[in-house]
Amino acid sequence: MDRTCPIKHLSILGSTGSIGKNVLQIVAMFPDRFIVEALAAKSDVELLAKQIRQFRPKLVSLFDESYANQLKKRLPKDISVQILFGEEGYQAVATHSRVDMVVSSMVGSAGLLPTLAAIQAGKEIALANKETLVMAGEIIMQEAKKYNVRILPVDSEHSAVFQCISGQRKSDVAKILLTASGGPFLHRPRNTFDSIQIKDALNHPNWEMGKKITIDSATLMNKGLEVIEAKHLFDISEQQIEVVIHPQSIIHSMVAFQDGSVIAQLGIPDMKGAISYALSWPERLPINQPVPDFAAIGRLDFERPDLEKFPCLAHAFNSCRIGGTLPAVLNAANEIAVQAFLDQKLAFIQIPDVIGQTMNCHQIDKQPNLSDIKEADQWARHQAYEIITNIQNSGENPV
Ligand code: MG
């Protein structure tokens, strides 16, 4: 049997982040399967220069001109690569003519426009940037349908669901069960949350990830964003999505069917599994991941999420149910609140307050177009800043 597979030409939006680095590790393991055509990063010039030397893309883009100039100085003369910057540069990376698949792995709302451009250019998408679907899920899924573009999930939970439903009839699906580790504060008493420090929140028990998503995991906002992501990706009502706390993170998510049967996808908690599956679907690559040692793990535990202890999850479910511009507002307020926490301008326990207050002040547009969504995003950022400034002025200082 002929086992040769066509070479896939890749573009990676967010190549210096946690997902991007993992993608490139897999690419390096299978040089006869993948060619890197274009890379986009925000500001990590040093790492991008290293990636250019190793993978020889034809085009790269950075956040602004000063980073682009820094990169030019770092590269040896014999390397020819086109260096762009800004929104146009990111769009060029996302739509490069030789690219088959775009890995969308920028952090936060920055991923939306380049991902949309990639879809409109007919590129297959490996989607890690959940904010794209949170902000503009309806528009993104409509455009994907219009341009006949497949979106393959990179988020481990959605990859799990995707694997569990393949070969099943959609009408047989009763429920999606998204698992959550519960983060570092699962069993910490609520009355000690006011003393949570940045280092405590960055100390995730199971997963190695970037800073923003690690804080989102500690507040359970990450799971909330994943609920919204799942709703769009699998075209299912939020009432059919349930979050189950599973501290061992061995079950990456499950799907329940109308006969009561449940299919789960399991593996060790390492992003490489979901990433490689998205890159090579429907094939599986021999990436040398160990099979979980079940006897050593001993037991798999489950519990319900505590929405009073983790109000961010409740905010996310609300915004998902109401829809319109509200999920974009939730997302923007969360980005600002998390950054303020990381900058020591806001206490951990105040993150959900900032998000809830921002959502309460918002005039929801039920059927937004892309510019309404961008406007709601900008409005929410200013509103969240203002709320944080008020908290600071009121003397409720962060820890
Ligand atoms: Mg996830």
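Just tell me which aspartates and glutamates come within less than 15 Å, Cα to Cα, of Lys309; anything on the same chain fewer than 8 places away is out.
Leaving aside aspartates and glutamates fewer than 8 places away in the same chain, those within reach of Lys309 are Asp194, Asp216, Asp353.
Among 58-69, 18-29, 348-359, 140-151, what's the highest-first ranking by average C-beta atoms within 10 angstrom per residue?
Ranking, from highest mean packing down: 348-359, 18-29, 58-69, 140-151.
List, in order, the whole-Hz ³J(HN,Hα) value for each residue of segment 53-68 obtained from phi through the Karplus relation with A = 6.51, B = -1.76, C = 1.60 and θ = phi - 60°; use x for Gly and Pro.
Result, ordered by residue: 4, 7, 9, 6, x, 8, 9, 9, 9, 10, 5, 8, 5, 5, 5, 4 Hz.
Just want the answer: with Cβ charges of +1 for Lys and Arg and -1 for Asp and Glu, which residue in Leu186, Leu285, Ile297 is farthest toward the dipole's positive end in the chain?
Leu285
So, counting K/R as plus one and D/E as minus one, what does the shell of residues with Cβ under 14 Å around Pro247 add up to?
Net of charged neighbours comes to +1.
Just to compare against my own numbers: the Cα pair-distance distribution for segment 188-238, 10 Å bins, whole % per bin, please.
Here the calculated profile for segment 188-238 is 23, 42, 25, 10.
So for the chain, what percent of the C-alpha to C-alpha distances run longer than 37 Å?
20 percent
Compute the signed sum of charges (Lys and Arg +1, Asp and Glu -1) over the other residues within less than 13 Å, Cβ to Cβ, of Met101.
Every neighbour counted, the sum reads +2.
Determine ³J(HN,Hα), in whole Hz, for all residues of segment 253-258 in sequence, where each value follows from phi through the Karplus function 6.51 cos²θ - 1.76 cosθ + 1.60 and θ = phi - 60°; x replaces Gly and Pro.
2, 9, 10, 9, 10, 5
Could you tally the net charge around Leu127, taking each other residue with its Cβ under 9 Å from the Cβ of Leu127, Lys/Arg +1 and Asp/Glu -1?
-1
How big is Rg to Rh over segment 8-154, alpha-carbon atoms, Rh as the Kirkwood inverse-mean-distance radius?
My calculation puts Rg/Rh at 0.95.
By what distance, in whole Å, do the Cα atoms of segment 79-172 stretch along each of the three principal axes, largest value first?
Taking the Cα atoms of segment 79-172, the three principal extents are 51, 26, 25 Å.
Under a point spin-label approximation (7 Å from Cα along Cα-to-Cβ), what is the Gln258-Asn288 distance to one decimal in nm?
Distance between the two pseudo-spin positions: 4.7 nm.
Using 21 Å as the Cα-Cα cut-off, could you pick out the over-long pairs in Lys170/Lys374; Lys21/Lys58; Lys130/Lys223; Lys199/Lys345; Lys170/Lys231; Lys50/Lys72?
Beyond 21 Å: Lys170/Lys374.
Rounded, prolate or oblate, given the Cα gyration tensor of segment 304-399, with a/c below 1.5 counting as rounded?
oblate
Coordinate-derived values only; no laboratory data. Note that the structure is a prediction, hence the values are computed from the model and not measured. With ideal geometry, Cβ positions are generated from the backbone for all residues, glycine too; neighbour counts draw on all protein chains shown.
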